[in-house]
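Okay, handing you the structure first.
The values are calculated or read from the model by the stated rules, or taken from the named source; none is laboratory data. Values in this document were obtained by computation on a predicted structure and should not be read as measured data. Reconstructed Cβ throughout: ideal geometry from the backbone, glycine too, with neighbour counts over all protein chains shown. Heads up: the accessible areas ignore ligands, DNA and RNA and are worked out on the full protein's heavy atoms, side chains in. Shrake-Rupley method; radii C 1.70, N 1.55, O 1.52, S 1.80 Å.
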Amino acid sequence: MGANYEKFETVCRVLEENKFDKSKLIPILQAVQEEYRYLPQEVLTFISSSLNISPAKVYGVATFFAHFTLIPKGKHIIRICDGTACHVKKSAAIINAVKKKLKLKENEITTKDMLFTIETVACLGACGLAPVLVIDGEVHGQMSPEKVVDLIDNMLKQEVAKQ
Amino acid sequence: MEKYLTINGRKVLFDKEKNLLEVIRKENIELPTFCYHSELSVYGSCRLCMVEVEGKGMLSACSTPLESEMIIRTNTEQIIEMRKIIVELLLANHDRECTTCAKSGTCQLQTLARRLGIDEIRFRNVIHKKPKDVSTYALVREPSKCVLCGDCVRFCDEIQSVGALGFANRGPNSIVCPSFGKNLELSECVYCGQCSRVCPTGAIAPKSEVSAVWKALSDTKKKVIISIAPAVRAAIGEVFGFVGENGTEAAGKIATALKSMGFSKVFDISFSADMTIVEEANEFLERIKNNGTIPMFTSCCPAWVKFVEQYYPEFLPNLSTCRSPQGMYGSVARRIMPEILEVPKENLVVVSVMPCTAKKYEARRSQLAKDGVVDIDYVLTTQELALMIEEIGLRFGDIKPSAFDMPLGFKTGGGVIFGNSGGVTEAVLRYVVNTKSDGVDDAERFSFVRGENGLREAKINLDGRELRIAVVYGLKNARKVLRDIKTDKTRYDFIEVMACPGGCIGGAGQPVYTDLVARRRRTKVLYENDKIMELHNPQDNPYVQKLYKEHLDKPGSRKAHEYLHTSYKCKKRFKETVELSDFAHDSNVKVNVCFGSSCMAKGSKEILKHIVNFVESEKCKNKVDIAASICLEKCSNGPNTKVAGKTVERCTSETVEKAILDELKKD
């Protein structure tokens, strides 16, 4: 069976590993988001029923932390640092370049083809490399608008090659 | 050693008070609060009860534990300025359409702004109006009026164990809403409405049906009848500054007021409460005699009924099948009133006045309708009735009382105490236990079931059998009792449950109260009312006897069942399913494996695994869609799997596989 079943099996496994303990809600949500790349409503409902807590409470936790998202994210996640050090080194220009390259409007963060999601973060803790960004967990330091566009172009090429 | 505080220079002794706020209030200083309710946990979010504690600075009184010799000031210039700023900030982020607000006049934010002398708001208004939620019959949510005190969230969770409302988002985006921002109707809300009672503003309020009732009254073709619940007389006077001793006068004044509004007949729900007792007590005796399902639960509280339907469907057979007094009034009125009033059936409008918001929902239950006609057209709350009286300009305190109409207006004391927690039990005992009065006053015979606790127990001897009784209010207490029964920790024969603290007198349709003293006073009014009644035992009500003779045969008869009983249905709490197939296929067989917590514990995961393998291996790969459902609601027969719309109960991978193959053969 396909990916959907596997993901659901993971959810069940995560719940079991946490012994259906309500106080483990946050680690459970983290693990589930890892699997789905977001928190689907029906899966949150399933978690609330399994842990015997009201869905309103689960929804409250899932919307409180910036880490969690209830909206599907793209395949590649670009986290651009806009902390003090990066900001001073013109991270705004990088954010704009990425948005322009990915044709994202004002409040959009995910491309229509679900390939990319961009997020701005307050500090990645790598101020020495400012301006810095992280693509799919890999850190890229001393960025410039040109460099980041090159990075995205490369990723797009790889995607085309895969197809 | 004596423990004391110094409050504004005065020495004040304290003993068992829970926090600083309680001691200060005991000293008759009304510190403002939004988020403090003595029944709920301390939250400390509104910051309005800030006081100056010498050596410690500004502290919120509600969340400060008591220490002896603290020196407190409650009214320094700094405190006053701080309170003003807090209220101004709230007002800057508040939909200030006070004149059209349901809570206008009882709103605590409004009151506080006046008390603090706020004549100008120094901050720009930043309110973004959010849409109203009018999805339910019982309540209206207006998020733009929310002050985020969390009272509703805590009441729903801590007292009712429902948790229909929660906080969502964070910081300036915080809101209170049902899960996933859905409408209340789609949540687990049982409509007890206590959220609206504790809400300091108009963010949640009972839904009004006043204009619909005025419209019916002005229609010359219609005859409108009305009946008032026992608890209404115990509280309506609070709105008009009229507090009666025993409710008789208030009830009479209500009757006068309703007649001058143009209602054709004014009845008393206490009459149908008498009928409920006769029918319910009879059902209870039958159950005991015939080894029926025991314990029997009372079924007059619609919030409790919805609670059982939602969370404990396995206990549905324990609910008495008797309709609530409102339900009985509706069906009996529909049957006998058209003839009495000489009006065609379709022109009879049936209205009730209830202390309750859930009754609005109950009236729309499909079980309380016949041939598509609902038994009760409109349900007003005590608050709405008070508004109607104000609207026509009657001086409630001065109008003369008048009598209720017959036949549905005569009652015994048993029907009146229905409005108190423990009242139903007491009235049932008056029917069931045939002891001689032994000189004991009839009204006091079973008063041991009375009390203020949310969970009370009693034992009584019935023909050599020890009956164990529980009287419960608050659905969290009820949940505890159900759990204990399930795990054989305890045994009962009869359980009365009311969702609202104190029973119906504390209902959310009553004038808003914040002080427990009000609840105690209302309870007393009904017991006093019982005392002055001529009759105390519901079975002695001559009009009830006559009604049975003429229309309903005898208690428990087929006719009585048709008119006075109802049925219950398991209610799906979650509508979501998790799709497990990657693509939806065309001509497919849909398989839903139940992943509710009960089925999961019984091994639905293994069953799913087998089915997935089976579907892969057999040649049905592209013809079967699999999904995980969150509860197919047959928990006692789990694990369950639904194949093409049919539920396979107590399923194994073999039975499900067979069902799938059978379906595929059909294609």
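Find the accessible area per residue for the protein assembly as shown; the probe is 1.4 Å, ligands and nucleic acids are left out, and the unit is Å².
Working: 36940 Å² over 830 residues.
Ligands and nucleic acids excluded, the result is 45 Å² per residue.
What does the structure give for A:62-68 when I average, per residue, the other chain Cβ atoms found within 10 Å of the residue Cβ? Intermediate values should be presented prior to the final figure.
Values: counts 3, 11, 6, 1, 1, 0, 0.
Shielding by partners across A:62-68 averages 3.
Restricting attention to chain A, give the cysteines that have no other cysteine Cβ less than 4.7 angstrom from their Cβ.
A:Cys12, A:Cys123, A:Cys127
Among A:Ile118, A:Ile152, A:Ile53, whose mean-square fluctuation peaks in a Gaussian network model of chain A (Cα, cutoff 10 Å)?
Most flexible of the set in this elastic network: A:Ile53.
Relative to the longest principal Cα axis of chain A, at what angle does helix A:145-162 sit, 0 to 90 degrees, rounded to 10?
50
Give the residue list of trypsin sites (Lys or Arg not before Pro) in the stretch A:49-126 that are DSSP loop and have at most 15 other beta-carbon atoms within 10 angstrom. Could the numbers behind the result be given before it?
Numbers: sites: A:Lys57, A:Lys73, A:Lys75, A:Arg79, A:Lys89, A:Lys90, A:Lys99, A:Lys100, A:Lys101, A:Lys103, A:Lys105, A:Lys112; in loops: A:Lys73, A:Lys75, A:Lys89, A:Lys90, A:Lys103, A:Lys105, A:Lys112.
Passing both the DSSP loop test and the Cβ count: A:Lys75, A:Lys90, A:Lys103, A:Lys105, A:Lys112.
Quick one: which of B:331-338, B:75-82, B:349-356, B:13-20 comes out on top by average Cβ neighbours within 10 Å, and what's the full order, highest first? Intermediate results must be reported in sequence, preceding the final value.
Details: B:331-338: 19.8, B:75-82: 12.6, B:349-356: 28.4, B:13-20: 14.6.
My ranking of the peptides, most packed first, is B:349-356, B:331-338, B:13-20, B:75-82.
Right, another one. Within chain B, which complete DSSP H helices have Cα atoms spanning at least 24 Å along the helix axis and a mean Kyte-Doolittle hydropathy of 0.0 or higher?
Values: long enough: B:269-289 (29 Å, 0.04).
Both cut-offs are met by B:269-289.
Other chains near B:179-185: what is the mean number of their Cβ atoms within 10 Å of each residue's Cβ? Kindly include the intermediate steps, with their values, before the conclusion.
Details: counts 12, 10, 4, 4, 0, 0, 0.
So the per-residue partner count for this stretch is 4.
When only the heavy atoms of the protein chains count and the probe is 1.4 Å, how do B:Phe297, B:Phe240 rank by accessible area, highest first?
Most to least solvent-accessible, the answer reads B:Phe240, B:Phe297.
Compute the separation of the alpha-carbon centres of the stretch B:506-573 and the stretch B:131-179 and state it in Å as a whole number.
32
Just how far, in whole angstrom, is the stretch A:22-71 from the stretch B:354-400 if you go by their alpha carbon centroids?
The stretch B:354-400 and the stretch A:22-71 have Cα centres spaced 41 Å from each other.
With unit charges on the beta carbons (Lys and Arg positive, Asp and Glu negative) and the dipole taken about the Cα centre of the protein assembly as shown, which residue among A:Leu104, B:Ile121, B:Phe34 sits farthest to the positive side?
A:Leu104
Let me ask something else about it. What does the average come to when, for each residue of peptide B:570-582, you count the partner chain Cβ atoms lying within 10 Å of its Cβ? Spell out each step's value before the answer.
Details: counts 0, 0, 0, 5, 6, 2, 9, 3, 11, 5, 9, 4, 6.
Neighbouring Cβ atoms belonging to other protein chains average 5 per residue here.
Then there's this: To the nearest 20 Debye, how big is the dipole of chain B about its Cα centre, given +1 on the beta carbon of each Lys and Arg and -1 on that of each Asp and Glu? Before the final figure, lay out the partial values.
Working: 96 positive and 86 negative charges, 160 e Å.
Dipole about the Cα centre, nearest 20: 780 debye.
Need one number: % antiparallel among DSSP beta bridges in the stretch B:221-564, to the nearest 5.
Details: 10 of 32 bridges.
Close to 30 percent.
Which one, B:Ile336, B:Ile392, B:Ser421, projects farthest toward the positive side of the charge dipole computed for the protein assembly as shown from Cβ point charges (K/R +1, D/E -1)?
B:Ile392
For chain B, report the convex hull volume of the alpha-carbon atoms normalised per residue, in Å³, without decimals.
On the way: hull volume 144.0 nm³, N = 667.
Considering the Cα atoms of chain B, their hull volume per residue is 216 Å³.
What are the chymotrypsin sites (Phe, Trp or Tyr not before Pro) within the stretch A:1-101 that DSSP puts in a loop, where the Cβ has at most 13 other Cβ atoms within 10 Å?
Numbers: sites: A:Tyr5, A:Phe8, A:Phe20, A:Tyr36, A:Tyr38, A:Phe46, A:Tyr59, A:Phe64, A:Phe65, A:Phe68; in loops: A:Phe20, A:Tyr38, A:Phe65, A:Phe68.
Taking the stretch A:1-101 and a limit of 13 other Cβ atoms within 10 Å, the loop chymotrypsin sites (Phe, Trp or Tyr not before Pro) found are A:Phe65.
Ranked from highest to lowest mean number of other Cβ atoms within 10 Å per residue, what is the order of the peptides B:146-152, B:62-68, B:43-49?
Working: B:146-152: 23.3, B:62-68: 15.4, B:43-49: 20.3.
Those peptides, ordered most packed to least, come out B:146-152, B:43-49, B:62-68.
Please report, in whole Å³, the volume per residue of the convex hull around the C-alpha atoms of the protein assembly as shown. Working shown, then result.
Working: hull volume 190.5 nm³, N = 830.
Expressed per residue, the convex hull around the Cα atoms of the protein assembly as shown is 229 Å³.
Compute the long axis of helix A:91-101 from its Cα atoms, compare it with the longest principal axis of the Cα atoms of chain A, and write down the angle in degrees, 0 to 90, nearest 10.
Between helix and principal axis, roughly 80 degrees.
Can you give me the C-alpha center-to-center distance between the stretch B:192-235 and the stretch A:90-137, rounded to a whole angstrom?
Between the Cα centres of the stretch B:192-235 and the stretch A:90-137 lies a distance of 55 Å.
A further question on this structure: Just list whichever of B:Lys359/B:Lys400; A:Lys57/B:Lys571; B:Lys259/B:Lys359 have alpha carbons separated by over 32 Å in the model shown. Intermediate results must be reported in sequence, preceding the final value.
Values: B:Lys359/B:Lys400 29 Å; A:Lys57/B:Lys571 21 Å; B:Lys259/B:Lys359 23 Å.
From the list (B:Lys359/B:Lys400; A:Lys57/B:Lys571; B:Lys259/B:Lys359), the Cα-Cα distance tops 32 Å for no pair.
To the nearest 0.05, what FRET efficiency results for B:Ala369 and A:Asn52 with a Förster distance of 45 Å applied to their C-beta separation? If you can, show how the numbers build up before the last one.
Details: r = 35 Å, r/R0 = 0.77.
E(calc), rounded to 0.05, equals 0.85.
Just grab the label-to-label distance for A:Lys99 and B:Arg96, each label 7 Å out from Cα along the Cβ direction, in nm (one decimal).
Those two pseudo-labels are separated by 3.4 nm.
Order of B:488-494, A:39-45, B:156-162 by packing, highest average Cβ count within 10 Å first?
Details: B:488-494: 15.4, A:39-45: 20.4, B:156-162: 22.4.
Highest mean packing first, the order is B:156-162, A:39-45, B:488-494.
Relative to 2.2 N^0.38 Å, what does the C-alpha radius of gyration of the stretch B:331-425 come to as a ratio? Two decimals please. Write down the numbers at each step before the final one.
Values: Rg = 15.5 Å, N = 95, 2.2 N^0.38 = 12.4 Å.
Cα-based Rg divided by the globular estimate yields 1.25.
With a 1.4 Å probe and all protein chains kept in place, how do B:Arg114, B:Arg573 rank by accessible area, largest first? Please list the in-between numbers first.
Values: B:Arg114 170, B:Arg573 70 Å².
My answer, sorted largest first, is B:Arg114, B:Arg573.
As an exercise, take the mean of 1/r over every pair of distinct alpha carbons in the stretch B:221-564, invert it, and state the Kirkwood radius in angstroms. Could you put the intermediate results ahead of the total?
Numbers: mean 1/r = 0.0499 Å⁻¹.
About 20.0 Å, per the Kirkwood formula over Cα pairs.
Restricting to chain B, what percent of DSSP beta bridges are antiparallel, rounded to 5? Before the final figure, lay out each step's value.
Working: 37 of 68 bridges.
DSSP beta bridges in chain B are roughly 55 percent antiparallel.
Shifting gears a bit: Tally the DSSP beta bridges in the stretch B:4-75 and give the antiparallel ones as a percent, rounded to 5.
Details: 10 of 13 bridges.
Roughly 75 percent of the DSSP beta bridges within the stretch B:4-75 come out antiparallel.
Also, quick follow-up: Give the relative contact order (percent, whole number) for the stretch A:76-162; include only Cα pairs under 8 Å separated by 6+ residues.
Values: 118 pairs, mean separation 33.0, N = 87.
Once divided by the residue count of the stretch A:76-162, the mean separation gives 38 percent.
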